[in-house]
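The values are calculated or read from the model by the stated rules, or taken from the named source; none is laboratory data. The model shown is predicted, which means the values in this text are computed figures rather than measured ones. Ideal geometry is used to build each Cβ from the backbone, glycine not excepted, and the neighbour counts take in all protein chains shown. SASA here: full protein model, heavy atoms, side chains in, ligands and nucleic acids out. Shrake-Rupley method; radii C 1.70, N 1.55, O 1.52, S 1.80 Å.
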Amino acid sequence: SIFSTTDIASWYYTNKSKTPGDDTSPQAIYVGAAGTAMFMVGDSGNDVNQYTLSTPYDVSTAGVSVGVFSVATQDTQPLGIDFNPTGTKMFISGAVAAQPGLVAGGEYVYEYSLSTAWTVSSAGYTTSFNVTAQDTAPQGVTFGNSGSKMYVCGSNTDIVYQYSLSTPYSLASGVT
């Protein structure tokens, strides 16, 4: 549930859930498009499944997957997902690179462009950023509100890494 308070101590489980039958190893979710679209990245399918929430932000109203996008060409262990605010860019963190030209088995954050906002089946690979020097299992990825900061959770080092982007939500523009 979404709460108006930032005090985590007042949060509670609402007994609502979605069984991710499309992937036996779900790693991360993202809810976007005013709470009516949910995206789940899975490790066993190496893909992103999209669901429609008939009641905004209520995962129990998710039906079957309405779209799927495979990231297996880039990575065979996707672990995190995030989007830009308009739903035209998707970012996946992964621990086992498969893309030709990348460090085999390296750890990356991948950028995808969506030709139709919030429609994962319209995604196309754009570029990647290697995070192997910081962590060999980037568990999650998220961006600051302006898109000029990217944060990656490293599960091997137990550290959150912050990166600066020259152009908001663009890995190709330069990341430090």
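Values for this structure:
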| item | result |
| --- | --- |
| Percent carbon-and-sulfur accessible area, the chain, ignoring ligands, DNA and RNA, probe 1.4 Å | 54 percent |
| Estimated FRET transfer efficiency (Thr127, Ser60; beta-carbon r; R0 25 Å; 0.05) | 0.10 |
| Simple label model, 7 Å out from Cα along Cβ direction - Ile8 to Thr116, nm | 3.7 nm |
| The chain: relative contact order in percent, alpha carbon pairs under 8 Å with at least 6 residues between | 13 percent |
| Spatially proximal aspartates and glutamates relative to Lys16 (Cα-Cα < 20 Å; intrachain offsets below 8 disregarded) | Asp58 |
| 3J(HN,Hα) from dihedral phi, segment 38-50, Karplus parametrisation 6.51/-1.76/1.60, rounded to Hz, x for glycine, proline | 10, 10, 10, 9, x, 7, 6, x, 6, 8, 10, 9, 10 |
| Surface accessible to a 1.4 Å probe, per residue, for the residues of the chain, Å² | 47 Å² |
| Residues with amide H under 5 Å from that of Gly106, placed H, sequence gap 5 or more | Ala97 |
